[in-house]
1. Looking at region 39-134, which trypsin sites (Lys or Arg not before Pro) are DSSP coil and have at most 13 other C-beta atoms within 10 Å of their C-beta?
2. Can you run phi through the Karplus equation (6.51, -1.76, 1.60; θ = phi - 60°) for region 106-121 and list ³J(HN,Hα) in whole Hz, with x for Gly and Pro?
3. Return the long-range amide H neighbours of Val44 (sequence gap of 5 or more, or a different chain), with a cut-off of under 5 Å between placed amide H atoms.
4. Put +1 on the Cβ of each Lys and Arg and -1 on the Cβ of each Asp and Glu in the chain; which of Ala114, Ala27, Gln2 then has its Cα farthest toward the positive end of the dipole?
5. What does the highest-first list of 2-9, 75-82 look like by mean Cβ count within 10 Å?
6. With charges set only on the Cβ (+1 for Lys and Arg, -1 for Asp and Glu), what does the dipole of the chain come to about its Cα centre, in debye to the nearest 20?
7. If you take all C-alpha pairs in the chain, what percent of them are over 19 Å apart?
8. For the residues Asp62, Asp131, what sequence is obtained by ranking on other C-beta atoms within 10 Å, fewest first?
Amino acid sequence: MQIRAEGDVVLHFEKDYPWGPDDPAVAGLRVRASGPFVQVDVQVVLLQGEGPSSFLRSLYEDFRGWDGERTWSPHGGGLQITATHTGWVQLAWALSHVVLGEPVWSFQATSQHAAGEDMRRLAEVFDETLDWPA
C-alpha cells in the first residue's frame, strides 16, 4: 500500500516477516519513504492486534474532532503516527532507526486526509496489508 505525503514523498507499507512466517501472531511491517531527496527504510515488528488499524479506526470514530495530538507507535519503535484534527486529519509519520535504545536517524513526512471515511478506509487497507489470521 502507498500513502502520498507532502513534498512529493510516497510512503510504502508492506507486510514482511522478520524471522519467518512461522509465528502468525508476529509480523513485520516494512515502511519505506521515497521522494526527490529521500530514500529511507525501516522494519517494524508488530504483534497481532498492535498494528495501526485500531488507532486509525479510533480517528474515524471521532471524525468530529479532538483536542491536541493523538499518537501511536508499536512497542519496538521504528514508526510513530501522530494525528491532529483541524477539520482534516493530519498524520505525521515518523520513521526512525534505533540502535541500543538510541535513535541513529529519523525522518518525518506528513499526509492529510478527510475526517471520517478516509480514516476507516485507511484502517481497512492496513488490515488487508497485514492480513492477520482470524
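1. Working: sites: Arg57, Arg64, Arg70, Arg120, Arg121; in loops: Arg64.
Filter output for region 39-134: Arg64.
2. 8, 8, 9, 10, 10, 10, 10, 9, 5, 5, x, 4, 4, 5, 5, 5
3. For Val44, the qualifying residues are Leu29, Arg30, Val31.
4. Farthest towards the positive end: Ala114.
5. Numbers: 2-9: 14.1, 75-82: 16.4.
Result, highest mean first: 75-82, 2-9.
6. Values: 9 positive and 19 negative charges, 44 e Å.
The calculated dipole for the chain is roughly 220 debye.
7. Values: 4381 of 8911 pairs.
Considering the chain, 49 percent of its Cα-Cα pairs are separated by more than 19 Å.
8. By the 10 Å Cβ count, ascending, the order reads Asp131, Asp62.
Every number here is computed from the coordinates shown, using simple stated rules; none is lab data. None of the values given here were measured: they were computed from a predicted structure. Counting neighbours? That spans all protein chains shown, and the Cβs are built from the backbone with ideal geometry, glycine included.
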